[in-house]
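The values are calculated or read from the model by the stated rules, or taken from the named source; none is laboratory data. Please read all numbers here as calculations on a predicted model, not as lab measurements. For neighbour counting, all protein chains shown are included, and Cβ atoms are generated from backbone atoms with ideal geometry for every residue, glycine included.
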Amino acid sequence: MSGVPDTVSAANENWRGWLKFALVSLIFFQITAATFTSLGVALPFMIEEMQWTWYRAGAGFSVLAFMVGVGSRIPSWTLRQFGTRATFGIGGVVMAAGFVLLATTTGLNQYLAGAGLAGLGYTLCSVIPGVAVINQWLPHRRSFAIGAYMTIGGLGGVAGPQIVTRIVASTGSWRLHWWLMAASITVLAIAALLLLSSPKEHADADAEPTESTEKHSESVYTTRWEWRFEDVIRTPQYYIIVAAMTMTLFSGVTTNSWAVAHMGNLGIAISIAAGALSAHALINSLSRAFGGALATRVDPKWLLVSALFAEIIGMMALASADNMTNIVIFALGEGYGFGMCMFTTTMLLVNYYGPKEAPKTMGTMYLITTLATFGPILGGYVADNYGGFASVFQWYGVVLAICLVAVALMKPPVPPQRRTITDIE
């Protein structure tokens with residue numbers, strides 16, 4: 001009979017874990033829908049009313065993306081100092097403030113400040129704290145949960161444009177959209193403050209579990225050592241993973257910025273080009289769930305190889321996307337590659353270096369990937385000076401091929417210290 005209370009307790013913890021998973025996933029969906037894709041659709045309405053130039057208005061995208069990148073180390077500090085509950089709460093307040101500035105925008109500087117605050121809040125409410133919650137509460141289903149979490153977040157990118165267009169079509173006000181985004185993230189931040197446990201309240205949940213950890217096949221490498229961050233950043237494997245993610249973001253950000261214009265220059269109707277991007281976003285989301293289903297049986301390294309290969313094919317197809325065959329190949333290849341790379345780089349960092357330092361390893365990775373914000377600038381420069389975007393996408397394919405070879409040859413890192421996770425506990 002002594003085992004019955006333990007079973008009930010375990011079931012209760014499992015239920016609580018999935019409840020927290022649902023909340024952080026809903027937050028990820030909301031902030032994804034409310035930022036990059038919403039801004040892209042709302043911006044023409046804002047430009048029309050504010051009489052901005054496209055060049056100046058486009059700076060908001062750069063500020064948003066830049067703040068997401070440079071702020072990526074902040075969640076690791078807030079998680080360590082204040083816990084997951086406060087991290088999401090602070091992020092929600094910052095994002096709500098950014099959306100209020102956007103809703104009340106009267107000039108360019110206020111618009112840029114709002115975009116910057118939205119980007120900073122995004123880092124505090126997205127992947128790094130979300131994965132920390134999953135590592136704490138769902139270690140036995142980590143791969144599946146991370147894949148599902150990223151899928152739900154990705155679907156926010158599909159929903160965002162629809163939300164903006166429906167609000168503007170029904171009310172005629174782009175400002176109302178930003179007010180609704182501010183209200184919704186405020187409600188979710190309050191829910192996070194009420195439902196997400198802090199480390200001090202559930203110290204047992206913060207300890208790395210030993211008996212309930214996720215089961216993997218022998219072909220999937222998972223470290224038995226507890227890495228220190230200063231040792232992680234001395235390994236070449238870390239920078240190979242970071243390079244793969246950086247080039248993926250270069251491709252993704254440049255694609256979102258210029259793919260429609262590029263296909264238009266090749267004679268493709270705007271409606272078809274926009275539909276290709278929507279299909280790209282959907283496949284991007286679904287590939288993350290696919291990765292989560294496979295990651296306990298297929299090493300994420302090889303899933304990353306498949307992602308990079310698909311991206312190469314997608315970039316080359318996009319370069320000559322003057323027919324439906326190449327457009328479909330682009331949407332399938334780049335969509336699958338981007339989503340799978342987002343998932344597998346996260347899983348590789350956890351599998352190679354352990355979950356304890358994941359906020360730091362992931363935060364530093366996304367800080368480095370801030371370089372990808374120069375992708376749209378590079379694309380615009382090439383188009384202005386060389387008559388089109390095709391060569392940009394082709395060169396991205398070449399660099400992605402170099403990353404693919406490096407990942408394929410990569411072996412698991414060897415830790416300098418011989419302390420197992422179990423030993424530390």
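Taking only pairs six or more apart or across chains, which ones have beta-carbon atoms under 7 Å, a first residue in the range 280-296 that is closer than 14 Å to residue 146 by Cα and assigned by TED's automatic domain parsing to the domain that holds residue 25, and a second residue that is part of a helix (DSSP H, G or I) and of a type in the set (A, V, I, L, M, F, W, C)?
none
Looking at (1) of a type outside the set (Phe, Trp, Tyr); (2) without any contact (Cβ under 8 Å) to a residue 24 or more places away in the chain; (3) more than 18 Å from residue 125 (Cα to Cα), find the lone condition where residue 187 falls short.
(3)
When you check residue 91 against the structure, is it of a type in the set (Gly, Ala, Ser), under 18 Å from the mean Cα position of the chain (by Cα) and under 25 Å from residue 282 (Cβ atoms), yes or no?
no
Sort out which residues of the range 221-248 are under 16 Å from residue 305 (Cα atoms) and assigned by TED's automatic domain parsing to the domain that holds residue 317, and write them in order of number.
237, 238, 239, 240, 241, 242, 243, 244, 245, 246, 247, 248
Could you give every pair whose Cβ atoms fall below 6 Å, whose first residue belongs to the range 52-77 and is in contact (Cβ under 8 Å) with a residue 60 or more places away in the chain and more than 21 Å from residue 40 (Cβ to Cβ), and whose second residue is of a type in the set (Phe, Trp, Tyr) and in a helix (DSSP H, G or I), counting only separations of at least 6 or pairs across chains?
Here the result reads 72/366, each pair linking the range 52-77 to a residue that is of a type in the set (Phe, Trp, Tyr) and in a helix (DSSP H, G or I).
Among the residues of the range 164-174, is any crowded, with 19+ Cβ neighbours inside 10 Å, in contact with a Ser or Thr (Cβ under 9 Å, 6 or more places away or on another chain) and either more than 17 Å from residue 44 (Cα to Cα) or without any contact (Cβ under 8 Å) to a residue 40 or more places away in the chain (or both)?
yes
Looking at (1) touching a residue at least 60 places away in the same chain (Cβ under 8 Å); (2) surrounded by fewer than 18 Cβ atoms within 10 Å (Cβ to Cβ), which is the only condition residue 161 fails?
In the conditions (1) touching a residue at least 60 places away in the same chain (Cβ under 8 Å); (2) surrounded by fewer than 18 Cβ atoms within 10 Å (Cβ to Cβ), residue 161 misses (2) alone.
When you scan the range 133-141, do you find a residue that is of a type in the set (A, V, I, L, M) and in a helix (DSSP H, G or I), even just one?
There is at least one residue in the range 133-141 that is of a type in the set (A, V, I, L, M) and in a helix (DSSP H, G or I).
With the checklist (1) more than 29 Å from residue 384 (Cβ to Cβ); (2) not in a helix (DSSP H, G or I) in hand, flag the one item residue 231 doesn't pass.
(2)
Can you find, within the range 273-298, the residue that is nearest to residue 155 (Cα to Cα) among those that are touching a His at 6+ places or on another chain (Cβ under 9 Å) and not hydrophobic (A, V, I, L, M, F, W, C)?
296
In the range 378-402, what count of residues is obtained for those that are surrounded by fewer than 16 Cβ atoms within 10 Å (Cβ to Cβ) and without any contact (Cβ under 8 Å) to a residue 60 or more places away in the chain?
Within the range 378-402, residues that are surrounded by fewer than 16 Cβ atoms within 10 Å (Cβ to Cβ) and without any contact (Cβ under 8 Å) to a residue 60 or more places away in the chain number 8.
Here are some conditions: (1) buried (at least 23 other Cβ atoms within 10 Å of the Cβ); (2) hydrophobic (A, V, I, L, M, F, W, C); (3) closer than 18 Å to residue 367 by Cα. Residue 95 meets all but one. Which one does it not meet?
The number of the failed condition is (3).
Among the candidates 101, 79, 124, single out the residue that is of a type in the set (A, V, I, L, M, F, W, C) and under 30 Å from residue 53 (Cβ atoms).
Matching residue, one of 101, 79, 124: 101.
Being of a type outside the set (Gly, Ala, Ser), out of contact with any Asp or Glu (no Cβ under 7 Å at 6 or more places or on another chain), modelled with pLDDT of 90 or more and in the same structural domain as residue 239 (by TED's automatic domain parsing) is the requirement here; does residue 277 meet it?
Spelling it out, it is not the case that residue 277 is of a type outside the set (Gly, Ala, Ser), out of contact with any Asp or Glu (no Cβ under 7 Å at 6 or more places or on another chain), modelled with pLDDT of 90 or more and in the same structural domain as residue 239 (by TED's automatic domain parsing).
What's the total number of residues in the range 315-329 that are of a type in the set (Ser, Thr, Tyr) and either under 15 Å from residue 261 (Cβ atoms) or in contact (Cβ under 8 Å) with a residue 60 or more places away in the chain (or both)?
Residues flagged as of a type in the set (Ser, Thr, Tyr) and either under 15 Å from residue 261 (Cβ atoms) or in contact (Cβ under 8 Å) with a residue 60 or more places away in the chain (or both) within the range 315-329 amount to 1.
Before we move on, is residue 405 outside the structural domain of residue 66 (by TED's automatic domain parsing), under 19 Å from residue 317 (Cα atoms) and either free of Cβ contacts under 8 Å to residues at least 40 places away in the same chain or surrounded by fewer than 20 Cβ atoms within 10 Å (Cβ to Cβ) (or both)?
No; evaluated as a whole, the condition is false for this residue.
Go through the residues of the range 314-325 one by one and say whether even a single one is in contact with a Gly (Cβ under 9 Å, 6 or more places away or on another chain) and surrounded by fewer than 20 Cβ atoms within 10 Å (Cβ to Cβ).
Yes: the range 314-325 contains one or more residues that are in contact with a Gly (Cβ under 9 Å, 6 or more places away or on another chain) and surrounded by fewer than 20 Cβ atoms within 10 Å (Cβ to Cβ).
Name the residue, out of 421, 377, 402, that is modelled with pLDDT of 95 or more, on the phi < 0 side of the Ramachandran plot and of a type in the set (Val, Ile, Thr).
Only one candidate passes the filter, namely 402.
So residue 106 clears everything in (1) under 16 Å from the mean Cα position of the chain (by Cα); (2) surrounded by fewer than 17 Cβ atoms within 10 Å (Cβ to Cβ) except one condition, right? Which one?
Here residue 106 clears every test but (1).
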